[in-house]
Structure formats: C-alpha cells, structure tokens
1. Obtain the nm distance between the two label points defined at residue 142 and residue 123 by a simple spin-label model: each point lies 7 Å from its Cα along the Cα-to-C-beta direction.
2. For the chain, with the dipole built from +1 on Lys and Arg beta-carbon atoms and -1 on Asp and Glu ones, taken about the Cα centre, which of 208, 94, 311 lies farthest toward the positive end?
3. Work through the residues other than residue 92 whose Cβ is under 14 Å from its Cβ and net out their charges, Lys, Arg +1 and Asp, Glu -1.
4. For residue 173 paired with residue 25, estimate the spin-label separation in nm (one decimal), with each label point 7 Å from Cα along the Cα-to-Cβ line.
5. Residues with amide H under 5 Å of residue 332's amide H, sequence separation 5 or more or different chain, H placed in the peptide plane at 1.01 Å from N; which?
6. If R₀ is 22 angstrom, what is the calculated FRET efficiency for the pair residue 223 and residue 80, using the beta carbon separation as r and rounding to 0.05?
7. So what's the net charge close to residue 65: Lys and Arg +1, Asp and Glu -1, counting the other residues with Cβ under 12 Å from its Cβ?
8. Taking K and R as +1 and D and E as -1, what net charge do the other residues with C-beta under 14 Å from the C-beta of residue 39 add up to?
Amino acid sequence: MRFKNKLLIIISGLLIGAAAIILMTQGNPANMGFCLACFLRDTAGALKLHQAAVVQYARPEVIGLVLGSFIISLVKKEFRVQGGSAPFLRLVMGAILMIAALVFLGCPLRMVLRMAAGDLSAYLGLLGFIAGIFVGTQFLKRGFSLGRTYAQPKISGYIFPAIQLFLLVLLMTGSSLLAFSESGPGAAHAPVLLALGFALVIGVLNQQSRICQAGCFRDLFLIQDFHLFWGTLAIFIAALIGNLIIGNFEFVAYGPIAHQDWLWNFLSMLAVGLASTLLGGCPMRQLILSGTGNIDSVITVIGMVLGAAFAHNMGLASAPNKLDEAGQLVGGPSLAGKFAVVAGLIILVVIALQKRQVKQVERKI
C-alpha cells in the first residue's frame with residue numbers, strides 16, 4: 001500500500017511538471033505554466049476585484065483543480081462537508097500568503113518551476129520557504145492549532161465547485177461579466193480545453209496523492225517522512241527535463257516575470273512557508289481540499305483571492321525586473337510590498353502565539 005501511495009504521488013508530480021511545460025509552450029506565460037498564486041490573481045482580475053489590466057483572466061487551471069478534486073471525492077465517497085476552524089484567521093492568513101507570494105512573484109509551485117528553468121532567485125525563495133515551514137513546525141510542536149472542524153450543511157460543500165462551473169461557462173462564452181487582459185501575462189494563456197483537461201486530471205490525482213509543497217517539508221521536520229517530498233522532486237525533475245528539451249533552461253539571476261532582490265525573495269517566501277504550515281497546506285493543496293467539501297480551505301482560497309486584489313489595488317505586488325531604454329534595471333518589490341511582508345510575518349507569529357496560548361488555557365480549564 002505504501003509503495004502504491006508513493007508511486008501515485010510521483011506520477012502526480014511528474015504530470016504537474018510536464019503539464020506546466022506543455023501549457024507554457026501552448027501559451028501560458030514563461031516559467032508560469034502552472035502557478036496557483038498567479039492564476040488566482042488573474043481570476044481576481046477577471047472578476048474585476050482589481051484593475052491591473054495585464055493580469056485579468058479566469059484561469060481554467062484553477063477551475064479544473066477544484067472540479068477534478070470534487071468529482072473524484074464524490075466517486076470515492078470522500079466528500080466531507082466540514083469547517084468552522086477559525087474562519088476569520090484563515091481568511092487573514094490566506095490574504096497574507098497571497099500578498100507575500102506576489103512579492104516573490106509566484107506560489108511554491110511556481111518557485112519549483114522557476115528553479116527547474118535555472119532561475120537562481122527562486123533558490124533563495126526555496127531557502128526562505130523551508131525556513132518558514134521550519135518556524136511553523138516549531139509552533140505545531142508546541143501545540144498550535146486553529147481548532148476543531150465541525151460537520152456543515154451538505155449544500156455548503158457544493159457551492160464552491162458550482163461557482164467554478166459558473167466561471168467556466170462565463171469563460172467559454174467570453175461573457176462581459178468577466179474582464180480579459182489584452183496584453184501582459186493575463187493575455188498569455190493556453191487553449192481553454194487543454195488547460196482545463198490537464199487541471200481536471202491533476203485535480204483527480206492530487207486529491208488522491210495529497211501532494212503539497214509545504215507538506216513535504218513539514219513532514220520531514222515533524223516526523224522525518226519523505227513520502228510527500230517525492231512529489232515535489234518529481235515536479236522539479238519533469239519540469240527540468242521539459243525545459244532542457246525546449247531550450248528554456250539557463251542559469252540566470254532572475255528569469256521571466258521575476259526579480260533578483262534576493263533578500264525579499266527569501267523573506268516573502270518565508271512568509272508563504274509559515275502561512276502554509278499554519279493553514280495546513282500550500283495554495284494548490286487548499287484548492288484541492290476546497291473541492292472535497294472543506295469549507296476552511298474555501299475560506300482560505302477566498303482570502304487568497306482578496307489578498308491578490310488588495311495587493312494590486314494597493315501596489316504591494318512586485319514588478320518583474322527588466323532593463324529600461326537606458327539600460328538600467330527597473331522593477332522589483334515596492335516599498336509598500338516590503339512593508340506588507342514584514343507586517344504579514346508579524347501577524348502570523350502573533351496568531352501562532354495567541355492560538356497556542358488559548359489552547360493551553362483551555363487545557364487548564
């Protein structure tokens with residue numbers, strides 16, 4: 001059984017890495033074949049929650065992940081509608097996670113994809129991500145918990161997948177209810193059915209394998225278990241091979257849609273790692289869980305969408321580095337974005353400490 005589980009997670013990882021490369025060659029932005037932070041940001045723009053015209057597109061990859069997870073959880077009778085574990089804190093931490101990811105310019109999955117293309121700045125992000133997870137596991141060891149979940153009305157679990165299906169209809173019909181970028185990353189996308197098909201299959205496999213970029217390092221620190229690690233390694237290997245085949249691999253200080261401010265690459269991903277650990281999963285894992293009736297993950301995803309809107313409305317997201325006409329390097333994290341990362345780290349630590357204290361008090365009572 002354990003061998004079958006390991007094989008499943010490796011297959012899931014290989015498919016994600018391969019799909020990211022294929023989708024990139026078919027239109028998705030460079031080194032962004034499958035980035036959940038970027039795709040949720042684009043979806044927020046499509047819903048007109050922010051006005052950044054270059055990142056507005058209802059990504060079918062997000063829709064497919066949720067629907068794939070939803071379908072297989074019904075088939076396998078694993079659909080469980082539950083929630084109620086510190087919903088407001090999850091909303092806030094989801095927003096912090098997203099803002100930090102947009103300062104880095106990518107979620108943990110895109111970090112791995114950027115590494116597989118030779119982007120050295122992503123390796124600094126990895127160190128920060130691991131450091132954040134390590135800090136988070138120290139809180140877990142000392143009793144941190146967001147509290148129990150409770151059974152919820154079954155209809156609650158169907159609403160989020162139904163919203164994704166409605167978004168798909170709007171996307172396929174080109175509805176004016178959605179905004180569509182005419183240039184920039186939002187205008188760069190693979191054919192809808194191709195992206196949706198890959199995402200549906202990945203959603204099915206990921207629901208069964210439980211693959212998670214944060215979970216793989218969390219389990220290493222907590223119980224010395226490499227089970228989930230093989231999935232992340234498989235993503236890297238598949239993407240690396242794909243990049244070598246298409247000639248997209250090159251060691252550079254920063255790749256497309258990235259920046260070389262190494263300190264803030266580290267700190268922003270530290271916040272992402274810490275938030276993911278406290279929340280119980282990275283952005284991809286939260287989307288998968290949201291399709292299985294987990295209302296807490298739905299709240300987290302909503303927090304991420306709101307965080308993306310806030311980041312772009314308030315100028316918190318980083319701008320990719322590039323050379324201007326005078327040959328000067330421009331872009332990178334804004335002062336507001338740096339402040340948001342530091343503030344987010346402080347809030348996360350305060351939440352972790354407070355929840356631990358509350359649990360200790362409850363035990364005494």
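None of the figures in this text is laboratory data; all of them are computed from the coordinates on show. If you're wondering where the values come from, they're calculated on a predicted model, not measured in any experiment. Cβ coordinates were reconstructed from backbone atoms using ideal geometry, including for glycine residues, and neighbour counts include every protein chain displayed.
1. Result: 3.3 nm between the two label points.
2. Highest projection toward the positive end goes to 208.
3. Working: positive: 90, 355; negative: 296.
Around residue 92, the charge tally is +1.
4. 3.5
5. 319, 321
6. For R0 = 22 Å, the calculated efficiency reads 0.40.
7. Charge balance near residue 65 sits at +1.
8. On the way: positive: 41, 59, 110; negative: 42, 61.
Around residue 39, the charge tally is +1.
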